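Step one of this worksheet: look at the structure below.
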Amino acid sequence: MQNEEMYQLLIKMKEGDQQAFHTMYDATFQDVYRTVSFLVDHKQDREDVMNEIYMQMWTSLANYDTNRPFQFWLHGLVIRQVQRFRVKSWRRFRIFERIRAFSHDESYLDEHTALMDGTNQMISQSIRELTDKQRTVIIFRFYHDYTLEEIATLLDIPLGTVKSRYHAGLQALRKNIGNLPVERMEKINDY
Amino acid sequence: MTIERKIREHLHEEAQTMECPPAISKRIEQSYSHYLQRKRSEITMKKRLIGGLVAAAILIPTAAFASPVVIDMLTRAPITSEQVKLDEAGKATLEKLYRAIPETKSFEIIEASYLGDPNDSTKKVQLSIVLQEKGGTGKKITLHTNGITDEIQDLTQENWEPKEKALITLSDQEIKGKVDQLIDKLYGNIKDYEVAMEQMDNPNQKTFILNYTKKGSEGFEGGGYQVFVQGNSISLSPVAPEPNTGVEGYFSLNGKPDYTADSFLNDEKLFALLKMSPKELKEELAKGKTVVEIAASKNISKQQVIDVIARTQAEGQLQDGKNKVTISDELLKQMMKEIEPKVVHVIEHKTETEWK
């Protein structure tokens with residue numbers, strides 16, 4: 001959808017046009033949900049983050065820079081809410097450290113990863129094992145195809161920092177995925 | 001295959017398997033409807049605020065708003081504190097006040113006046129009393145009462161907090177608590193109301209507006225109280241229930257609904273005169289016509305339209321809280337004449353142009 005069109009929809013939505021809300025939601029929720037799922041492991045947390053992102057949409061429309069693509073603004077909202085959530089969950093983690101230590105591993109894998117074959121599960125697992133900061137860069141680079149410069153703008157951090165997170169992340173993945181047994185590698189090369 | 005490509009393909013493939021659970025969509029939809037509900041009541045409050053300021057400007061001489069013409073036609077006659085105590089409305093007002101805030105019994109009446117109809121001395125529109133604490137602390141209370149029904153239309157409580165810790169410096173919760181208490185003492189039943197507190201865009205002085213509305217009703221549908229907190233004072237006035245008729249935003253400006261003329265055009269008698277529903281009128285205005293043009297197409301003269309709206313407005317200005325004040329026909333006609341220029345301006349306005 002065109003930027004201008006999206007912006008008009010947002011304005012209408014903010015003024016109370018329910019139809020505009022539905023159009024906007026339908027056009028965005030898959031992308032938002034998938035991005036959030038890559039970045040946030042727990043199901044309930046994803047739900048909270050999603051809700052926050054959309055609530056931000058109608059409260060912070062004033063910050064929308066019409067010169068930039070709509071998608072970019074949307075992903076900015078996603079990133080900020082995910083980061084906010086991480087700060088919160090870190091605090092929670094300190095308190096419930098022990099409890100979570102038990103349930104932690106289990107939550108990494110949910111239905112869709114369970115359905116994947118061994119190799120894909122391993123890539124998935126490796127990405128999830130990256131640090132949050134590395135993971136964010138990897139997802140926006142490879143899932144959304146942003147340039148490293150764009151990621152720097154989105155995250156509001158220097159380009160050098162993005163580069164080092166990117167390389168460290170890639171290094172870690174290379175180590176894990178590169179260690180796959182030979183027959184599995186062939187399977188990956190098939191497609 | 002490079003590792004980069006591998007990751008990219010894997011991510012896209014994995015994404016395909018991720019479906020957003022319906023529960024999430026449901027929840028977001030709910031959040032949106034909550035947002036809408038809040039927003040709708042804000043609009044009503046803003047509209048109400050405009051109306052409230054107009055009423056304040058007309059009937060409350062102490063208000064710091066530009067004095068409109070209407071007030072000049074009513075005369076304000078000073079009276080002594082003895083006269084207040086002998087007057088029926090005065091007695092009733094003081095009793096209410098003493099019951100609500102017993103410490104005011106020791107206050108002295110430093111000023112009192114009647115706002116009346118110069119053509120008819122029995123028509124007393126409004127009684128105003130200012131009381132002050134004896135001694136140096138400066139606690140002060142100003143009351144405006146409907147001269148006929150005894151209802152307190154407006155109360156301003158000043159300097160109740162020590163100067164070094166003025167009301168406005170307290171936390172939102174504390175301010176709200178003080179206002180709650182004041183309403184409860186004066187009018188009771190605070191539990192039936194819910195409050196929305198909002199800081200106003202006032203660059204010169206921090207000002208809060210608190211809108212108390214009946215629980216479960218939208219905006220001021222069921223009546224309520226509107227309160228301003230500024231400096232070291234609380235200014236409180238009851239709001240009459242608002243009939244839920246008419247439409248919002250008859251005109252538009254910069255692509256947004258413009259509520260400026262709503263209080264003039266949401267007039268049952270006007271709809272009857274034009275034989276149109278509010279919705280139809282709004283649709284016609286949206287085409288860029290003026291109210292005068294719409295009336296003309298129905299063989300209704302401009303003067304007829306003016307008379308209908310001006311009468312409603314004049315009568316509205318004499319109305320407070322829940323009751324109406326009656327004045328002589330002669331004075332009403334005068335008031336209508338004074339309001340006429342404003343009415344003409346509204347009915348000659350076209351949508352998407354600036355208001356003068």
### Message
Checking B:ASN146 against (1) more than 26 Å from B:GLU330 (Cα to Cα); (2) modelled with pLDDT under 85, only one condition comes out false. Which one?
### Response
(1)
### Message
For a quick check of your reading of the model, give me the residue pairs whose first member lies in the range B:122-139 and is open to solvent by 60 Å² or more (accessible area, probe 1.4 Å), whose second is assigned to a strand (DSSP E or B) and at pLDDT 85 or above, with beta-carbon atoms closer than 6 Å and at least 6 apart or on different chains.
### Response
B:LYS134/B:GLU108
### Message
For the range A:26-49, give me the residue count where each residue is part of a helix (DSSP H, G or I) and within 11 Å of the chain's Cα centre (by Cα).
### Response
11
### Task
State all residues of the range A:7-27 that are within 9 Å of chain B (Cβ to nearest Cβ) and open to solvent by 10 Å² or more (accessible area, probe 1.4 Å); if no residue qualifies, say none.
A:ILE11, A:LYS14, A:GLU15, A:GLY16, A:GLN18, A:HIS22, A:TYR25
### Task
Name the single residue, out of those in the range A:141-176 being within 17 Å of B:HIS10 (Cα to Cα) and of a type in the set (Lys, Arg), that is most open to solvent (accessible area, probe 1.4 Å).
A:LYS175
### Task
Assess whether B:ILE79 counts as being at pLDDT 80 or above, closer than 30 Å to B:ILE339 by Cβ and either surrounded by 15 or more Cβ atoms within 10 Å (Cβ to Cβ) or within 7 Å of another protein chain (Cβ to nearest Cβ) (or both).
yes
### Task
Could you look through the range B:1-56, keep only residues that are in a loop (DSSP other than H, G, I, E, B) and at pLDDT below 85, and pick out the one that is farthest from the other protein chains (Cβ to nearest Cβ)?
B:THR2
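Where residues in the range A:126-178 are assigned to a helix (DSSP H, G or I) and of a type in the set (Ser, Thr, Tyr), which of them is nearest to A:VAL82 (Cα to Cα)?
Going through the range A:126-178, the residues assigned to a helix (DSSP H, G or I) turn out to be A:126-128, A:132-142, A:148-155, A:159-178.
Now restrict to residues that are of a type in the set (Ser, Thr, Tyr): A:126, A:136, A:153, A:161, A:164, A:166.
Numbers: A:SER126: 20, A:THR136: 10, A:THR153: 16, A:THR161: 19, A:SER164: 21, A:TYR166: 18 Å.
Once the filter is applied, the top-ranked residue is A:THR136.
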### Message
Looking at A:GLN30 and the list (1) crowded, with 16+ Cβ neighbours inside 10 Å; (2) at pLDDT 85 or above; (3) within 12 Å of another protein chain (Cβ to nearest Cβ), which single condition is not satisfied?
### Response
(1)
### Query
Between a first residue in the range A:2-15 that is under 11 Å from A:THR66 (Cα atoms) and a second residue that is open to solvent by less than 60 Å² (accessible area, probe 1.4 Å), which pairs have beta carbons less than 8 Å apart while being 6 or more apart in sequence or on different chains?
A:ASN3/A:PHE70; A:MET6/A:MET24; A:MET6/A:ALA27; A:MET6/A:PHE70; A:TYR7/A:TYR64; A:TYR7/A:PHE70
### Query
Quick one: is A:ARG100 out of contact with any Gly (no Cβ under 9 Å at 6 or more places or on another chain), closer than 17 Å to A:VAL49 by Cβ, modelled with pLDDT under 85 and not in a loop (DSSP other than H, G, I, E, B)?
no
### Query
Can we say A:ARG68 is more than 9 Å from every other protein chain (Cβ to nearest Cβ) and either more than 28 Å from A:GLN125 (Cβ to Cβ) or touching a residue at least 40 places away in the same chain (Cβ under 8 Å) (or both)?
yes
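Are there any helices (runs of 4 or more DSSP H) wholly within the range B:250-306 with 3 or more residues that are modelled with pLDDT of 90 or more, and if so which? Steps first, please.
On the way: elements: B:262-265, B:268-274, B:278-286, B:291-296.
So the answer is B:268-274, B:278-286, B:291-296.
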#### Entry: Of all residues in the range A:33-62 being farther than 30 Å from B:HIS10 by Cα and of a type in the set (A, V, I, L, M, F, W, C), the one that is surrounded by the most Cβ atoms within 10 Å (Cβ to Cβ)
A:TRP58
### Query
Residue check, A:MET1 against (1) more than 15 Å from the chain's Cα centre (by Cα); (2) at pLDDT 90 or above, all met but one. Which one?
(2)
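The values are calculated or read from the model by the stated rules, or taken from the named source; none is laboratory data. Everything numeric in this text was worked out from a predicted model, so none of it was measured. Counting neighbours? That spans all protein chains shown, and the Cβs are built from the backbone with ideal geometry, glycine included. Quick note on the areas: whole protein, heavy atoms, side chains included, nothing else; ligands and nucleic acids left out. Shrake-Rupley method; radii C 1.70, N 1.55, O 1.52, S 1.80 Å.
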